[in-house]
Structures are given as structure tokens and as C-alpha cells.
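Only one structure is covered here, and it is reproduced in the block below.
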Amino acid sequence: MIDVETELAFSGAETAHAALSAHAKSHDIPPEIDDPGHLAFSFQGNRLEFLTVPGRMRIRLSAVSPNTLYFLKEAVAHHLEEADPAAARKLRWPGDDGADSHRTPPNFRLLTVLERSRPIGGMTRLHLAGEDLEPLTRDGIHVKLMLPADRARSPVWPGVAANGATRWPKGADRLHVRYFTLLGLDAEAGRVAIDFVDHPDGQISDWARAARSGDRIGIMGPGGGLPPATDRPLILMGDATALPALLRILEALPASAQGCVIAPLRPDDAGYLPASPLETLLLGPERFAASAAGCFAEALAARPEARVWVGAEHALVHEARRIAAALPAERKEIGTYWRRGQRGDARRDGHDG
């Protein structure tokens, strides 16, 4: 474990503490400890803790890897900024140099395109090469991919701000950033595959469809791990953008797993998902849009004891959250991967595939 601790003196410490607690609850993130002066979260072996007295906040981090430690520092900076921007600007971590740095984040690397294929209709697969890919084998299955928003410009990659947050290029050097899922990672060979769903006018999906051998793209991560192991039945549902994540989840299931997966695949494309012990309901893209929520409700009614996982467009996610509202937070993971008519931004949230 990597343990880091810092302390901040600011007049709004108690107000910020309460705001952090309220924010977590509003996002279905149950604190392990939620007392007036003590707020703590534990997940995937990591721990984040706030100890607050009038005018002062002590922050403790315990991380399983340098990648996760960076994510925790960034999360603290972002959420503290929402509660008290002045305090967030004062935040410093022991061992950091205390001033803006031009170094890239510790979990940043470049990938180079090797080849391109079409695993199913409406999706591009890129096989990419990179150095030091072993850290991508732990901490999660998703990475942020980034390209210059103005493709005519040479890339200016992100840096690290004094408070531990990522310093993103601005103005003409702004980056277009989205989340994607890692597939077929072979760290020893330095290779990984990523699938890109076709999005009309999607900057990164357009780039992927036209990518040539030797083209490069920046990544940061990983994050967003697989659902925890459970003896409960599983109900998995994802739209086209979540198919790579469903693939990773199904690959990891034990032979004893039970439940169902609801996906927008046609029968001819069923081979995209690996064989699994779960029942598979292939709706096809058109039927999925109209029927997915109803199928999810029926599946949950048949298996009220299930654990659910959903990744999809915001409207379907909203409906899935309504359907699963009675489930305790630890039995559901329901996330928006994109919003129709809106351009997301993976600097803070969002997912493209």
C-alpha cells in the first residue's frame, strides 16, 4: 500500500466536509464512515479519509498502486474545488514539488496504431502498441483516450497541477478526451486492442476509422474496475458503447455464474461476446432502443435478489435507475456512457465505448 497524508487550514472546512458527504450520497457512493468530523470510503483495496475539525481538514489516502494514488489525489482536488475553490488551490501533497510541473501525469502514455479491423458492423477495432503497459493490467478496464481538438495542431499533453489534479491544455491546445475499454491486453508483448463504436461526428471514432499504422494517441489510466465477485445472480445490460465492457465482464465470470445479459447485438454478431453461463438476450440495435428498459425490468422482477450492472445512454440509465431504485447501492452499478445530443468530456465523466 502507498499511504499519503496532508492537512489544510481553511475557515470552511466543516462546510466542505458536509458537502463532500452529500455529494457522495447523491452519486450512490456509500461512505464507510459518515460522521460530522470523519468521512471515509473504501473501494478495491483503496481508502480515502477526511478528518475535520473547525478550520482544519486532514486528508489520508491509501492506494494499491501509483495509478490509483494519482486518481485519489485528483478526486480530492476536484471535489474540494466544488466545495471550496480557494481551499482546493491551497491543497498540497508531501513529496510533490509544490508548483505546476510540465511533466505528464504518472499514468499517461502514448499508444501507436499497428492495424485496424471491423469486428462487427458499426465498430472499429484498433490494435496498438506501447511501452510499460503492465500497469494497465490492474486498477481497472477503462482508459481516457485523447487527441488535439484541432487535429491540425501538434499535441500538447496534460501536465500535473500543484494540488495534484491534472492540468489540461486550454485554448487552441485543448484536447478531446473520452473513455474507452481495454481489450486483449498483452503487457509482455506491449500490445492492446480498443474497440470504437461509430458515432456520427465523433472525433475519436472518426479518427479510429481512418487510423493508419504509426498513428499515435494519448491515454491515461486505467480506472473503472470489473464488478466485484458475487454469489448473487447478475443482470448485465449495455448499449453499443458498453459492448467492450460487457465483453470484459463476461470473460471474467466463473462457470458457476447465473443471470442474464441484455445487449443490442444481432444474431450474426453474437460471437462478439464470449461464451458465458449467463442467459443472453440479443435484441438487435432497433429493438434494444425500444425494449431494453422493459426487458431489464422483467429480468429484475424474475431475479429480485440480483446484482445489476448497466452502461448506456443517459435516458436508458435514468430509466434503469428508476427500475432498480429499491436495490441497495452495493448491489447496483448503473452508469451513463454518453448523452444523446451532447458532447461528453472524460476529464470529469463520460464514456464513449
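Considering only residues of region 111-162 that are among the small types (Gly, Ala, Ser) and under 24 Å from Gly190 (Cβ atoms), which is most open to solvent (accessible area, probe 1.4 Å)? Please lay out each step first, then the result.
First pass over region 111-162, keeping only residues among the small types (Gly, Ala, Ser): 117, 121-122, 129-130, 140, 149, 152, 154, 159, 161-162.
If we keep only those that are under 24 Å from Gly190 (Cβ atoms) as well, we get 117, 129-130, 140.
Working: Ser117: 46, Ala129: 27, Gly130: 20, Gly140: 13 Å².
Filtering first and then ranking leaves Ser117.
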Q.
Let me confirm something: among Ala229, Ala242, which residue is in contact with a strand residue (DSSP E or B) (Cβ under 6 Å, 6 or more places away or on another chain), of a type in the set (Gly, Ala, Ser) and closer than 30 Å to Glu74 by Cα?
A. Ala242
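Given the structure, is Arg321 open to solvent by less than 60 Å² (accessible area, probe 1.4 Å) and under 20 Å from Pro228 (Cβ atoms)? Give the steps one after another, and end with the answer.
Working: open to solvent by less than 60 Å² (accessible area, probe 1.4 Å): no; under 20 Å from Pro228 (Cβ atoms): yes.
Taking the combined requirement at face value, the residue does not satisfy it.
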Q | Conditions (1) charged (D, E, K, R); (2) out of contact with any helix residue (DSSP H, G or I) (no Cβ under 7 Å at 6 or more places or on another chain); (3) modelled with pLDDT under 90; number of the one not met by Asp28 | A | (2)
Q. Just a yes or no: is a residue in region 55-78 under 30 Å from Pro200 (Cβ atoms), open to solvent by 30 Å² or more (accessible area, probe 1.4 Å), assigned to a strand (DSSP E or B) and modelled with pLDDT of 95 or more?
A. no
Q) Of all the residues that make up region 105-120, how many are among the β-branched types (Val, Ile, Thr) and in a strand (DSSP E or B)? A) 2
Q) Can you pull out the residues in region 246-261 that are open to solvent by less than 60 Å² (accessible area, probe 1.4 Å) and either touching a Phe, Trp or Tyr at 6+ places or on another chain (Cβ under 7 Å) or within 21 Å of Val197 (Cβ to Cβ) (or both)? A) Leu246, Leu247, Arg248, Ile249, Leu250, Val261
Q: Mind listing whichever residues of region 40-54 are in contact with a Phe, Trp or Tyr (Cβ under 8 Å, 6 or more places away or on another chain) and either under 28 Å from Arg322 (Cβ atoms) or open to solvent by 40 Å² or more (accessible area, probe 1.4 Å) (or both)?
A: Arg47
Q. Got a sec? Which of Ala19, Ala86 is farther than 15 Å from Ala165 by Cβ, not in a loop (DSSP other than H, G, I, E, B) and not charged (D, E, K, R)?
A. Ala19
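The values are calculated or read from the model by the stated rules, or taken from the named source; none is laboratory data. Everything quoted here is computed from the prediction, not taken from an experiment. With ideal geometry, Cβ positions are generated from the backbone for all residues, glycine too; neighbour counts draw on all protein chains shown. Just the protein is used for accessible areas: all its heavy atoms, side chains included, with ligands, DNA and RNA removed. Shrake-Rupley method; radii C 1.70, N 1.55, O 1.52, S 1.80 Å.
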